[in-house]
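Q: The structure follows.
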Amino acid sequence: MSRSSRPLSALIVTLTLTLTACVDVVVEDEMGQSHDPVGVSALTVAQKGPRYAIIRDSARARGIRNAYLLAGIANTETGLAQCWSEATWACQGPNSPECGGGPVIAGSADGPCSIREGGLGMFQFDAGTHGQTLSRYGNGILTVDGQIGAAIDYVVNMVKISAYTTNAETDAKARDWINNFDINNPTLRDQWIKTVLRYYNGCQPSWSCWTPRYQTYTDGMWMAVNEAGGLGFWEVATGTRCGGSPMTVGQIDAKYRALGGCGSVLGAPVTEELSTPDGVGRYSVFERGSIYWTAQTGAFEVHGLIRDKWRDVGWEAGAVGYPISDERTTPDGAGRYNVFQRGSIYWHPSTGAHEVHGLIRDAWAETGWEAGSLGYPISGEYDVEGGRRSDFQRGSITWHRATGETTVNGPAAPAPRWKVIPVSYQVQETGYWCGPAATRHALSARMANPPTQAQLAQQLPTTTNGTDWIGQITRTLNQRLGVNRYVTVEMPDDPPTQAQRDRLWNDVVTSIDNNYPVVANIVAPPSNHPPGYPSNQTIYHYFAVTGYNPETRQVYIADSANFGGNQQYWLSFDQLATLIPPKGYATYVCPGGMTMGAIDAKYRELGGCRSVVGGAVSGERTTPDGVGRYNVFENGSIYWTPETGAHEVHGAIRDRWRDSGWEGGPLGYPTSDEYAVPGGRKSDFQGGSITWSASTGATTIGP
């Protein structure tokens with residue numbers, strides 16, 4: 001089935017069983033006595049904000065306005081918690097991809113957790129055991145979007161059969177009743193709360209639970225309104241229509257408008273927002289592409305031949321997963337690519353579009369991506385005897401099933417002088433979250449799962465006035481990385497002095513060479529705008545510097561503002577240097593005071609922080625045999641003994657030496673640095689040598 005006609009799945013929900021309320025409600029025993037609430041969500045108000053938005057947008061896509069009615073129920077049931085990690089007082093339910101593969105929340109008021117009973121997820125769906133509940137409601141309720149869809153079906157039915165509502169006797173009328181609900185109308189409020197109590201919670205008017213739970217569910221409804229910022233938050237936005245097209249809503253609409261809306265590369269919408277088959281994501285199809293969204297990844301577009309290739313490899317259920325970037329231009333300006341959760345798809349006019357993922361993609365990255373010796377991919381990954389393989393313009397990479405290793409078959413070529421660090425790009429989610437977005441860009445170069453913009457906004461902290469000072473970003477970067485690798489550099493002089501300019505260039509190069517993006521706080525008056533910035537405005541902003549080109553004296557920028565669709569672009573270093581004053585930037589700093597003596601002399605001879613071994617991560621240590629001394633660096637080591645002197649060892653040769661037993665093995669200590677030989681690289685040791693082959697990527701031990 002094509003994506004333009006994939007139907008929106010619906011869960012058929014009956015009211016033969018009521019849902020079990022487990023949070024912020026009282027529980028009746030046989031004598032009608034009340035117990036204290038069993039627990040609350042660990043989510044803060046700030047963390048609940050994105051969850052409220054998901055409820056609002058998902059309900060909108062299903063034709064339901066006034067979604068605060070749903071959020072009020074979820075507030076009372078679980079405090080909006082979907083995953084057990086958000087409410088660890090409860091039991092652990094089945095695992096969900098939305099919970100990082102961990103368990104969803106399960107009700108804890110139905111006996112011991114070992115019997116696997118109790119309501120599941122944010123709305124606490126309950127049909128007995130966990131297995132019985134999934135059998136009745138489907139695995140979709142293990143996701144937030146699936147919970148919302150099931151909850152809508154449930155509340156529409158309960159409003160229809162309720163003894164308290166009027167003019168709601170059919171599904172269509174029940175939906176109209178919900179969509180025309182007025183929270184300021186006391187009669188409608190009373191009808192809704194009584195309906196929830198009797199048909200959702202299962203409490204009866206004659207029971208002692210009726211009065212306290214009436215107040216609890218009322219409080220949950222008002223909490224959803226007030227915590228989200230008022231009724232304006234819940235109002236149905238007009239979204240975007242192009243003539244008589246379907247409408248885009250929520251985060252997908254925000255992405256569509258950022259891309260240019262009806263005039264964008266995607267063209268007009270051709271479907272309403274739909275749910276993906278796995279229940280995790282949402283998507284809208286357009287004339288020339290799609291936008292996909294999940295709570296984990298955010299919303300990104302994919303179009304053209306790259307989208308066609310993504311379709312061919314299985315959409316989001318295939319090898320590469322959901323998109324985590326819009327389509328981008330490669331740094332050489334010749335190709336285009338999208339990054340996905342588990343890989344990438346690259347297009348070039350002479351090669352077409354091909355996916356690359358997993359360990360083969362990692363090996364390709366080590367060769368320099370498309371700018372390296374192999375060039376662009378010319379095939380997807382395919383089976384070969386003993387493993388898998390991908391072909392490139394000037395060679396191939398093979399993954400070997402027996403060893404889990406990869407070998408590179410292709411010519412050795414000098415690495416490009418320019419360097420760009422891949423980051424997980426995101427447009428900033430609010431007009432004042434450029435600081436959190438830039439911080440996230442920097443962290444994504446060092447972390448597989450960087451924190452969200454919302455988490456970073458809270459940590460920095462960022463207010464509606466923005467992020468006050470670059471030092472807040474430096475502190476947060478170091479806290480998140482767990483090590484002090486960033487320092488703040490102020491540039492108070494405007495224009496900057498030559499010394500400040502020289503230091504900035506050196507800091508950018510050193511940071512990028514060690515795979516640490518620089519975060520810059522800039523002031524851009526109308527006379528000095530980066531590409532696409534709105535005219536006649538002075539822009540106060542943060543962005544990340546993720547690359548440099550010494551030949552053109554340019555820097556590569558990851559800019560969350562997305563002005564004019566300019567997300568990542570080259571900028572002259574001269575302009576960068578004039579944008580930063582009188583602010584500053586957060587830059588990588590080489591750990592100081594960790595090398596000494598002969599090892600320090602070797603380190604400085606190699607180039608220090610900009611050398612092949614990178615920054616030091618340990619002080620000088622004694623080897624286990626007591627003979628030598630060594631320092632560990634980010635990308636290698638330097639070893640010294642009185643007999644051999646000090647020598648570096650790194651990369652695949654260091655890995656092979658490690659596997660042979662380090663200096664305690666048959667090779668002993670290194671007696672040379674790594675050096676070039678025909679067809680590869682080599683290091684000498686007391687008991688032999690290790691050679692790395694550029695054509696195969698393999699290492700061999702020899703005399």
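Q: If you take the residues in region 44-64 that are part of a helix (DSSP H, G or I) and of a type in the set (Ser, Thr, Tyr), which one is farthest from residue 299 (Cα to Cα)? Working first, answer last.
A: The initial filter retains those residues of region 44-64 that are part of a helix (DSSP H, G or I), namely 45-61.
If we keep only those that are of a type in the set (Ser, Thr, Tyr) too, we end up with 52, 58.
On the way: 52: 17, 58: 14 Å.
Among them, the one singled out is 52.
Q: Here is a further query. Show the residue pairs meeting these rules: Cβ distance below 6 Å; 6+ apart or different chains; first residue within region 584-612 and under 16 Å from residue 636 (Cβ atoms); second residue in a helix (DSSP H, G or I) and open to solvent by less than 30 Å² (accessible area, probe 1.4 Å).
A: As it stands, the answer is 590/609; 595/603; 609/510; 610/510, since those pairs meet every condition given.
Q: A further question follows. Does any residue of region 406-420 turn out to be open to solvent by less than 40 Å² (accessible area, probe 1.4 Å), out of contact with any Asp or Glu (no Cβ under 9 Å at 6 or more places or on another chain), modelled with pLDDT of 85 or more and part of a strand (DSSP E or B)?
A: Within region 406-420, one or more residues are open to solvent by less than 40 Å² (accessible area, probe 1.4 Å), out of contact with any Asp or Glu (no Cβ under 9 Å at 6 or more places or on another chain), modelled with pLDDT of 85 or more and part of a strand (DSSP E or B).
Q: Quick one: which of 578, 587, 546 is more than 24 Å from residue 329 (Cα to Cα), in a strand (DSSP E or B) and hydroxyl-bearing (Ser, Thr, Tyr)?
A: Working: 578 fails: in a strand (DSSP E or B); 546 fails: more than 24 Å from residue 329 (Cα to Cα).
When all the criteria are applied, what remains is 587.
Q: Sort through 350, 373 and tell me the only one that's assigned to a loop (DSSP other than H, G, I, E, B), open to solvent by 30 Å² or more (accessible area, probe 1.4 Å) and either within 30 Å of residue 428 (Cβ to Cβ) or of a type outside the set (Phe, Trp, Tyr) (or both).
A: Numbers: 373 fails: open to solvent by 30 Å² or more (accessible area, probe 1.4 Å).
Unique residue meeting the criteria: 350.
Q: Go through region 130-139 and report how many residues are crowded, with 22+ Cβ neighbours inside 10 Å and touching a residue at least 40 places away in the same chain (Cβ under 8 Å).
A: First, pick out the residues of region 130-139 that are crowded, with 22+ Cβ neighbours inside 10 Å: 130, 133, 137.
Pick out the ones that are also touching a residue at least 40 places away in the same chain (Cβ under 8 Å) and you get 137.
Of the residues in that region, 1 qualify.
Q: Residue check: is residue 388 basic (Lys, Arg) and surrounded by 16 or more Cβ atoms within 10 Å (Cβ to Cβ)?
A: Numbers: basic (Lys, Arg): yes; surrounded by 16 or more Cβ atoms within 10 Å (Cβ to Cβ): yes.
When the stated conditions are applied, residue 388 passes them.
Q: Go through (1) within 23 Å of residue 355 (Cα to Cα); (2) open to solvent by 30 Å² or more (accessible area, probe 1.4 Å); (3) in a loop (DSSP other than H, G, I, E, B) for residue 423 and report which single condition fails.
A: (2)
Q: Determine whether residue 217 is more than 26 Å from residue 303 (Cα to Cα) and out of contact with any Asp or Glu (no Cβ under 6 Å at 6 or more places or on another chain). Working first, answer last.
A: Numbers: more than 26 Å from residue 303 (Cα to Cα): yes; out of contact with any Asp or Glu (no Cβ under 6 Å at 6 or more places or on another chain): yes.
Criteria met by residue 217.
Q: When residues of region 203-239 are filtered for being more than 20 Å from residue 44 (Cα to Cα), open to solvent by 20 Å² or more (accessible area, probe 1.4 Å) and not in a helix (DSSP H, G or I), how many remain?
A: Counting residues in region 203-239 that are more than 20 Å from residue 44 (Cα to Cα), open to solvent by 20 Å² or more (accessible area, probe 1.4 Å) and not in a helix (DSSP H, G or I) gives 10.
Q: Also, quick follow-up: Mind counting the residues in region 550-569 that are part of a loop (DSSP other than H, G, I, E, B), open to solvent by 20 Å² or more (accessible area, probe 1.4 Å) and over 21 Å from residue 263 (Cβ atoms)?
A: Qualifying residue count for the region: 4.
Q: Do the conditions hold for residue 172, that is, is it in a loop (DSSP other than H, G, I, E, B), over 25 Å from residue 120 (Cα atoms) and open to solvent by 20 Å² or more (accessible area, probe 1.4 Å)? Don't jump to the end; show me each part of the working.
A: Numbers: in a loop (DSSP other than H, G, I, E, B): no; over 25 Å from residue 120 (Cα atoms): yes; open to solvent by 20 Å² or more (accessible area, probe 1.4 Å): yes.
The answer is no for residue 172.
Q: Shifting gears a bit: Tell me, which residue of region 328-341 that is charged (D, E, K, R) and at pLDDT 90 or above is most open to solvent (accessible area, probe 1.4 Å)?
A: As a first pass, look at region 328-341 and keep what is charged (D, E, K, R): 328, 332, 336.
Right, trim to at pLDDT 90 or above and you get 328, 336.
Working: 328: 19, 336: 68 Å².
Here the residue is 336.
Q: Would you check if there is a residue in region 270-283 being free of Cβ contacts under 8 Å to residues at least 40 places away in the same chain and in contact with a strand residue (DSSP E or B) (Cβ under 8 Å, 6 or more places away or on another chain)?
A: Here is the first cut: in region 270-283, the ones free of Cβ contacts under 8 Å to residues at least 40 places away in the same chain are none.
No, because not a single residue in region 270-283 is free of Cβ contacts under 8 Å to residues at least 40 places away in the same chain and in contact with a strand residue (DSSP E or B) (Cβ under 8 Å, 6 or more places away or on another chain).
Q: Return the residue satisfying two criteria in turn: it lies in region 240-260 and is open to solvent by less than 50 Å² (accessible area, probe 1.4 Å), within 14 Å of residue 271 (Cα to Cα) and assigned to a loop (DSSP other than H, G, I, E, B), and of such residues it is modelled with the highest pLDDT.
A: The qualifying residue modelled with the highest pLDDT is 242.
Q: I'm told residue 583 meets every condition in (1) among the charged types (D, E, K, R); (2) under 30 Å from residue 466 (Cβ atoms); (3) surrounded by fewer than 14 Cβ atoms within 10 Å (Cβ to Cβ) except one. Can you identify the failing condition by its number?
A: (3)
Q: Does residue 127 qualify as being more than 33 Å from the chain's Cα centre (by Cα), crowded, with 19+ Cβ neighbours inside 10 Å and farther than 22 Å from residue 69 by Cβ?
A: Values: more than 33 Å from the chain's Cα centre (by Cα): yes; crowded, with 19+ Cβ neighbours inside 10 Å: yes; farther than 22 Å from residue 69 by Cβ: yes.
Yes.
Q: Would you check if there is a residue in region 617-625 being loosely packed, with under 14 Cβ neighbours inside 10 Å and of a type in the set (Val, Ile, Thr)?
A: yes
Q: From 693, 683, 672, grab the single residue that is in contact with a strand residue (DSSP E or B) (Cβ under 7 Å, 6 or more places away or on another chain), more than 20 Å from residue 601 (Cβ to Cβ) and hydroxyl-bearing (Ser, Thr, Tyr). Steps first, answer last, please.
A: Details: 683 fails: more than 20 Å from residue 601 (Cβ to Cβ); 672 fails: more than 20 Å from residue 601 (Cβ to Cβ).
Unique residue meeting the criteria: 693.
Q: OK, next. Look through 325, 275, 350, 344 and report the one residue that is modelled with pLDDT under 90, under 21 Å from residue 376 (Cα atoms) and among the polar types (S, T, N, Q).
A: Numbers: 325 fails: modelled with pLDDT under 90; 275 fails: under 21 Å from residue 376 (Cα atoms); 344 fails: modelled with pLDDT under 90.
Sole residue among the options that is modelled with pLDDT under 90, under 21 Å from residue 376 (Cα atoms) and among the polar types (S, T, N, Q): 350.
Q: I'd like the full set of residues that are surrounded by fewer than 20 Cβ atoms within 10 Å (Cβ to Cβ) and part of a loop (DSSP other than H, G, I, E, B), limited to region 591-610.
A: Passing the criteria: 591, 592, 593, 594, 596, 607.
Q: Can you tell me which residue among 695, 618 is at pLDDT below 95, out of contact with any Cys (no Cβ under 8 Å at 6 or more places or on another chain), within 30 Å of residue 481 (Cβ to Cβ) and part of a loop (DSSP other than H, G, I, E, B)? Before the answer, list the steps.
A: Values: 695 fails: within 30 Å of residue 481 (Cβ to Cβ).
Answer to the selection: 618.
Q: Any idea which residue in region 663-690 is farthest from residue 630 (Cα to Cα), counting only those that are touching a residue at least 24 places away in the same chain (Cβ under 8 Å) and open to solvent by 30 Å² or more (accessible area, probe 1.4 Å)?
A: Here the residue is 679.
Q: Does any residue of region 270-278 turn out to be closer than 30 Å to residue 393 by Cα and of a type in the set (Asp, Glu)?
A: Within region 270-278, the subset closer than 30 Å to residue 393 by Cα is none.
For region 270-278, residues closer than 30 Å to residue 393 by Cα and of a type in the set (Asp, Glu): absent.
Q: Further question on the same structure: Residues that are open to solvent by 30 Å² or more (accessible area, probe 1.4 Å) and not acidic (Asp, Glu), at least 3 per element: which helices (runs of 4 or more DSSP H) completely within region 427-510 meet that? Show your work before the answer.
A: Details: elements: 434-444, 453-459, 470-481.
Where helices (runs of 4 or more DSSP H) fall fully within region 427-510 and carry at least 3 residues being open to solvent by 30 Å² or more (accessible area, probe 1.4 Å) and not acidic (Asp, Glu), they are 453-459, 470-481.
The values are calculated or read from the model by the stated rules, or taken from the named source; none is laboratory data. It should be emphasised that the depicted structure is a prediction, and the values quoted were computed from it without experimental measurement. In this analysis, Cβ positions are derived from the backbone assuming ideal geometry, glycine residues included, and neighbour counts consider all displayed protein chains. Calculation scope for accessible area: heavy atoms of the full protein, side chains included, ligands and nucleic acids excluded. Shrake-Rupley method; radii C 1.70, N 1.55, O 1.52, S 1.80 Å.
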